[in-house]
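Rule-based calculations on the coordinates, nothing more; no lab input. Please read these numbers as outputs of a predicted model, since none were measured by experiment. In this analysis, Cβ positions are derived from the backbone assuming ideal geometry, glycine residues included, and neighbour counts consider all displayed protein chains.
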Amino acid sequence: MAQVLVVDWDDREARYVWAEIAGRAALVRAFGAADLAEPEDAAAPLAAVTEWLQRVCQEYHLHRPRLLVAVPRSSVELLDLSLPPATDAELPQLVANQAMQESPLVAEDTILDYVPLDDDSTAARHVAVAALPREERDRILQPCQEAGLKAHRLLLRSWAGLSLVGAQTPADRICLLVSPSGAEVDLNVLAGGRIAFSRTVRLPEQAAEQEAGDRLVAEINRTRIAAPRERLGEETIARVHLVGSREQCAAIAERIEQESGLSAGVLDPFEAAHVTELQMPARPERFVPLLGLLLDEAAGTHAIDFLHPRRAERPLGRWRRVGVVAGAVALLVLAAALYVWSALSEVGTTNRQLSQRLRELRETAKKASDQKRRIEAVAAWQDRDVNWLDELRDLSERFPGPRDALVLRMAMRPSSSAGGVIDMQGLLRDPKIVVNMEHLVRDGFRRVQSRRVQQRSGEEDYTWLFETAVSVAPRPAEQYVARREPPAAEPAEENSDAATVEPAPAERAEENPDAAAAETPKPKP
């Protein structure tokens, strides 16, 4: 059996789970937590973690265990990238280039790992990327190295427990995995066994049980609204999985079913890791991420590992290829010369020349093919650009009036796949206006997603804040509503008998000054 030690710590507390893994089964032997003293300087917490790791290894006589270190969500930046069509071998380089363009916090030495969200190499690729700065990685690993331990994996804590869902939900169903961990709750939308959308929210630490339940149900509903439709397709979230002990999660699961209408269940990692024979801790939710990472290690389903990120395969060096080919040719020539030197010398020379020529032609053809693909890709990308002036004018025609909504900020940018994206932030009089606005703006060329609708306290007119993203597909200029010409008015039929002559304004004013004043249009503000 392999001895596995899963650790996690923050500024206040350090936690561990010691288990043994045999095959795909995990058996927990012990778990515990220790309070970290208030630091007097920045280096004190790391020294306390080092001493704590040494005490844990000495207590259970652990000698070079398989160490799994959990990285908190606050240390990692998550990015959702849309890339051009590419094979899996081409994705690492595309992800590195696109991540540096999307986020100013990503540098060349930033550690990137990602999860592909689709497998079709002929269509646009969508990936979920986790970025960990190298100095942050070194800071996390420093206590382990000083304690004489070598980290086996460096894992993202908020994506723990994915292996628990496999046996509960079919691969073609969409579900929501809710993992409470102290004051934080990780919400991960799984589609096809992969994470399609991820959020981490923080609940009030001193809130009552009723208030915490209300906040959790509200965050689940917000996650359902914010989940990108282009990744979920026509399907919706079919089930909610609460990760935790059944005693603590049964009541909230029943409440979710009643208030949201979704099917809800409890995934107990303590049962899956055979913790029933041990005494449960006072706050078992603190160990849920560690148990989830342990079960993922047994199942071999880690989505993100910063010590073993996905990298591009290094191609064989040019000179090494030349040396291998030249060596093979030399051996063939030597064998032929030893067999029949006089008769095959000319044939060997000819073969070498033809082999060299063939290599040159293949390299030339490959370079020409690569250049052609790049040119075609750039041309196709330009053809799919958006006419932003027409798009803005058309959006203005459809947008609610200033009595209902105000736009505070608008950003228009091209999308990484096709078309563009309009990000808006503004104020609303009523949250129902968001639904009406989405209905008015959405058409065959636009997809609308409201990522955030939040009430503003202390406001009387515009009491709601909204953030909406509009994905725009390119289209011809004549397709815009504002450019369509109105139908020509039909000519009035000539009828001299029915025709009447309207008096001039001056004449009407003389006949009835009060009526003329009432008919006079007032200037618009």
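Miscellaneous remarks
- Normalised by the number of residues in the range 388-483, the average gap of Cα pairs under 8 Å and 6 or more apart makes the relative contact order 32 percent.
- Shape summary: the range 65-138 maps onto an equivalent ellipsoid whose semi-axes, from the alpha-carbon gyration tensor, are 24, 15, 10 Å in decreasing order.
- Pairwise FRET efficiency - Met1 versus Glu247, Cβ, R0 = 41 Å, nearest 0.05: 0.90
- Most to least packed among 20-26, 244-250 [average Cβ atoms within 10 Å]: 244-250, 20-26
- q = 0.08 Å⁻¹, the chain: log10 I(q)/I(0) [Debye, one scatterer per Cα]: -0.72
- Highest average first, the peptides 233-240, 216-223 ordered by how many other beta carbon atoms sit within 10 Å of their residues are 216-223, 233-240.
- Panel note: the C-alpha atoms of the range 388-483, placed on their principal axes, show extents of 45, 27, 19 Å (largest first).
- Burial ranking of peptide ranges 346-352, 261-267 (average Cβ count within 10 Å, highest at the top): 261-267, 346-352
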